[in-house]
Amino acid sequence: MRDELILKAYEIARERYAQLGVDTDKAIAQLEQVPISLHCWQTDDVVGFERGEALSGGIQTTGNYPGRARTIDEVRQDIEKVQTLLAGNHRLNLHEIYGDFKGKLVDRDEVGVEHFQSWIDWAKEHNLKLDFNSTSFSHPKSGNLTLANPNKEIRDFWIEHTKRCRRIANAMGEAQGDPCIMNIWVHDGSKDLTVERMRYRQILADSLDEILAENLPHMKSCVEAKLFGIGLESYTVGSHDFFAGYCASRKVIYTLDTGHYEQSENVSDIIPSLLLFVPELMLHVSRPVRWDSDHVTIMNDQTLDLFKEIVRADALDRAHVGLDYFDASINRIGAYVIGTRATQKCILQALLEPLPKLRAYEDADKGFQRLALLEEAKSLPFGAVFDYFNMKNNVPVGEEFIGEIEQYERDITSKR
Ligand code: RNT
Ligand code: ZN
């Protein structure tokens, strides 16, 4: 009965969209090909397995909902659960502090592929491809400046760390037969006014040039821009302008985190500018509330517009989609699933846009018609298409995943 209803609704939706020249089957097939890189740090509030230091680097999790993953096995168990609730083949995004250190303190300038071999094996077993991140926060040498530090000893420590991480990413990429995307984000900045804005940026550019010089064919590096960090409010070395210039001149992938903008800012408009000058984009899909609060991604205008611009630019194959938020105030598995499904909904909405018709109106200078269709497109039967997409992929449809997560909480996370 349930399946019949979903199918019936889908058939009607398919016809309705077809009237506007939109092929829903094609959109579903395209959506199935978009992997979303799941950020491992949502399972455990960005703690990792190195030294369990308090989170630093200007980022913060808030909340203490029970059930946080405390071990590598618990992180894996949670990711495996999440996978069963999502349509499509996704990726797992690891941070360096999530290495399999087997209880030993492995410092950041000592880390190697051996600390990620069990991840590589596990990922293969579970049909997940891995992405990676160097970790410059939550460490005694983090301070306010890492790769941009004028102190050579500290700077070299972080350069060594980041180089090692790139080699680990390369090994992951080789093992999975698909490039591992490695993100470099450093929190470097200043709480108060600085008179050395350009100097730190010069040092950061030099450090990155040195790090990226090594040719590693199985990985791709990306660098993440930011507005500010907590405790580092007056100045961010790796600002949006810095990285736009850096990525354009060095042909490096730009990481755009939607949490790093003001709530009311039109983030999506950056897409068609960057795409003209940088090779690819890495997206950290997130949600700022008042500040870079990393709330769970939802289907809001910012996220919808982001993917509409990517689809309008025909750039889904140049954009790597990942999530980046850490909400410790609600069920963490639930947070994962809400955010991933919201991202998929936004991608689907973008794929279902009646673009040829809208473009024809625009070319003919028919402004009223264009706006009217943009408005009407919002209430097309998109939900029926999304439901069918999930049913077709044998994962929960609609709110069905709520019950499944409640069950997992009763059986597993509440006992932690
Ligand atoms: C921080 C950046 C960064 C981190 C992760 C944990 O503002 O968004 O991507 O969230 O590396
Ligand atoms: Zn981010």
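Please treat every number below as a calculation from the coordinates, not as lab data. Values in this document were obtained by computation on a predicted structure and should not be read as measured data. Please note: Cβ atoms are built from the backbone with ideal geometry, for glycine as well, and neighbour counts cover all protein chains shown.
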Q: Could you run the Karplus curve 6.51 cos²θ - 1.76 cosθ + 1.60 with θ = phi - 60° over region 288-299 and give me ³J(HN,Hα) per residue in whole Hz, x for Gly and Pro?
A: x, 10, 6, 9, 6, 8, 6, 6, 4, 4, 10, 7
Q. By a straight-distance test (C-alpha under 13 Å), which aspartates and glutamates pair with Lys191 as possible cross-link partners, with residues fewer than eight away in the same chain excluded?
A. Glu233
Q. What ranking do Val237, Val385, Val75 get, fewest neighbouring Cβ atoms within 10 angstrom at the top?
A. Val75, Val385, Val237
Q: Treating cross-link reach as a plain straight distance, find the aspartates and glutamates whose alpha-carbon is under 17 Å from the alpha-carbon of Lys220, omitting any fewer than eight places away in the same chain.
A: Glu96, Asp131, Glu174, Asp178, Asp209, Glu210, Glu280, Asp317
Q. How large is ³J(HN,Hα) for each residue in region 38-54, as worked out from phi by the Karplus curve 6.51 cos²θ - 1.76 cosθ + 1.60 (θ = phi - 60°), to whole Hz, x for Gly and Pro?
A. 7, 7, 4, 6, 6, 6, 9, 6, 6, 8, x, 10, 8, 10, x, 5, 4
Q: Take the Cβ-Cβ distance between Arg290 and Ala372 as r, set R0 to 35 Å, and report the resulting FRET efficiency rounded to the nearest 0.05.
A: 0.50
(Q) Can you compute the modelled spin-label distance between Asn300 and Ala315, with each label point 7 Å from Cα toward Cβ, in nm? (A) 2.3
Q. What FRET efficiency would be calculated for the residue pair Asp178, Glu80, taking the C-beta separation as r and a Förster radius of 25 Å, to the nearest 0.05?
A. 0.80
Q. Exposure proxy check: Phe101, Phe307, Phe49 ranked by fewest other beta carbons within 10 Å?
A. Phe101, Phe49, Phe307
Q. Counting other C-beta atoms within 10 Å, which of Asp206, Asp78 has the fewest, and how do the rest follow?
A. Asp206, Asp78
Q) Once label points are set 7 Å from the Cα along Cα→Cβ at both Ala29 and Asp3, what is their separation, rounded to one decimal in nm? A) 2.3
Q. Gln19 to Glu125: FRET efficiency via 1/(1 + (r/R0)^6), r the Cβ-Cβ distance, R0 45 Å, to the nearest 0.05?
A. 0.50
Q. What residue among Ala248, Ser293, Ser221 has its Cα farthest toward the positive end of the dipole of region 217-352, where the charges are +1 on Lys, Arg and -1 on Asp, Glu, each on the Cβ?
A. Ser221
Q | Beta bridges by DSSP in the chain, antiparallel share as percent, to the nearest 5 | A | 15
Q. Which part of region 233-269 falls in the paramagnetic zone of Val195, meaning amide N under 16 Å from the point 7 Å along Cα-to-beta-carbon?
A. none
Q: With springs only between Cα atoms under 10 Å apart, run a GNM on the chain and tell me which of Glu11, Glu353, Glu399 wobbles the most.
A: Glu399
Q. Counting each DSSP H run of 4 or more residues in the chain as -39500 (n - 2.57), what helix-only mean residue ellipticity at 222 nm follows after dividing by all residues, to the nearest 500 deg cm²/dmol?
A. -14000 deg cm²/dmol
Q: Arrange the peptides 402-414, 146-158, 337-349 so that the one whose residues have, on average, the most other Cβ atoms within 10 Å appears first.
A: 337-349, 146-158, 402-414
Q. Total Lys pairs in region 4-155 closer than 19 Å by alpha-carbon, pairs eight or more apart in sequence or interchain only?
A. 5
